[in-house]
Amino acid sequence: MSSKESNREQGFQTLAVHKGYKPDPLTGSLALPIHQTSTFVFPSAETGGRRFAGEEEGYVYSRLGNPTVTALEEKIAALEKGEKALAFASGMAAISAVLLGLVRSGDHILCSRGLYGCTFGFLSILKDKFNVDYTLCDMRDKESILREIKENTKVIYIETPINPTMQIIDLALIGQIGKEHNVTTVVDNTFMSPYLQRPLEYGCDVVVHSATKYLGGHGDLVAGVAVGTKEFLEHIQFTTQKDIGGILAPFDAFLLVRGIKTLGVRMDRHSENAQKVAEFLESHPKVTNVMYPGLKSFPQHELAKRQMDGFGGLISFELKEGLEAGLNMMNKLELLKCAVSLGDVDSLIQHPASMTHSVVPREERIKMGIADGLIRLSVGIENVEDIIYDLEQALS
Ligand SMILES: *Cc1c(COP(=O)(O)O)cnc(C)c1O
């Protein structure tokens, strides 16, 4: 690569394909090698000592770093526009390591009202066992956020769009409030992927992902990532990642790198398909309350347009006849699969109240906007006529 070329900023899809790995000069292997090893041989005893002391670069033991995993981390960091990324065994391993790294007993976390079910579960553990309090807050306006920030608030933790109601939170506002109040802002960017939304560009501090979803994209792995400054991610790497140990295995890192190579292409198709499916559902007489940021009827359509580069693949809706009719419809589907998870090339449909959000108490769930009959659809990359055909036959 000429120096002229290396100064040029490459586009998203180019980075998605190439960043993090150059064909190995020894073998020329085009694909990223899987370094399936637990430990690394030191060329000398002194080298080993220097690596442990942090005085010399180099691998030591795969819980502390592995070349296949490093390639993935460099790719993710470039796509999210962060200085450094870390890969974890799951989204929850990433989220829990980041939160544990940020708080101590007596602190408070301010969260968006509407959270991934297990993130809510982890907050309950922090509260019950470690005296770390949390508040759920409707973050659609500035005043309600400011009202809930306390003396001991150390973290603002949000999802946007919120799972599964698709409510949007203004990332620039969150970044600004975080800076003004000296509070670390953490954004779960799973629903959008860095192709459609980059929270760090809006002044937020840390991005977390369930890489199981769009980043992997093929429903064949469980993984998580966290992205932010080098200083913060090194703190996590050498404390809650190293000592709790929720690291990603080399083979899963390889699969994730392979998945990410097509991220932009897949996201375009997910968004295109979901727009058409949302419009179909909205016009269907048996369907009500279709929530998709790309619909003109969506209350925060303008904000979505401003901070997202597309509207993604997730839609929530209800049937007019309620819960029973919804479950019935799900059972009649032939192409669309009834499964939790999302962001796969396959279309997946699920019922949050009895599945992903069953751990959330009903009263809190209703406050989150998740009605008993709400259905969430993750639109895949199949031919959209086939997805709509399947929904139509199941609804009739
Ligand atoms: C799936 C998911 C998680 C948890 O990730 P895992 O990889 O399943 O541990 C967290 N946040 C959101 C928004 C998710 O969809």
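The values are calculated or read from the model by the stated rules, or taken from the named source; none is laboratory data. On a predicted model such as this, the values are computed, not experimentally measured, just so you know. Please note: Cβ atoms are built from the backbone with ideal geometry, for glycine as well, and neighbour counts cover all protein chains shown.
Each residue in region 358-396 was checked for being in a loop (DSSP other than H, G, I, E, B), at pLDDT 95 or above, of a type outside the set (Val, Ile, Thr) and surrounded by 21 or more Cβ atoms within 10 Å (Cβ to Cβ), and 1 of them qualify. Taking residues in region 274-303 that are crowded, with 19+ Cβ neighbours inside 10 Å, and partners anywhere that are of a type in the set (Phe, Trp, Tyr) and not in a strand (DSSP E or B), the pairs with Cβ atoms closer than 6 Å and at least 6 places apart or on different chains are ALA278/TYR292; PRO293/PHE311; GLY294/PHE311.
Answer yes if at least one residue in region 334-342 is of a type in the set (Val, Ile, Thr) and in contact (Cβ under 8 Å) with a residue 24 or more places away in the chain, and no otherwise. No. Residues being in a helix (DSSP H, G or I), small (Gly, Ala, Ser) and surrounded by fewer than 18 Cβ atoms within 10 Å (Cβ to Cβ) are entirely absent from region 85-92.
Total residues in region 354-396 satisfying the condition of being closer than 18 Å to GLY322 by Cβ, in contact with an Asp or Glu (Cβ under 6 Å, 6 or more places away or on another chain) and within 16 Å of the ligand (Cβ to nearest atom): the figure is 1. Among residues belonging to region 179-214 that are in contact with a Ser or Thr (Cβ under 8 Å, 6 or more places away or on another chain), under 12 Å from LEU263 (Cβ atoms) and not in a loop (DSSP other than H, G, I, E, B), point out the one that is nearest to the ligand (Cβ to nearest atom). Restricting to residues being in contact with a Ser or Thr (Cβ under 8 Å, 6 or more places away or on another chain), under 12 Å from LEU263 (Cβ atoms) and not in a loop (DSSP other than H, G, I, E, B), the top hit is HIS209.
Within region 8-32, residues that are assigned to a loop (DSSP other than H, G, I, E, B) have Cβ atoms under 6 Å from residues that are of a type in the set (Val, Ile, Thr) in these pairs: LEU32/VAL257, counting only partners at least 6 apart in sequence or on another chain.
Checked against (1) in contact (Cβ under 8 Å) with a residue 40 or more places away in the chain; (2) closer than 27 Å to THR356 by Cα, HIS235 passes all but condition (2).
Matching residues to (1) within 10 Å of the ligand (Cβ to nearest atom); (2) in contact with a helix residue (DSSP H, G or I) (Cβ under 8 Å, 6 or more places away or on another chain):
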{"site": "GLY82", "(1), (2)": "no, yes"}
{"site": "SER90", "(1), (2)": "yes, no"}
{"site": "ILE95", "(1), (2)": "yes, yes"}
{"site": "HIS108", "(1), (2)": "no, no"}
{"site": "GLY117", "(1), (2)": "yes, no"}
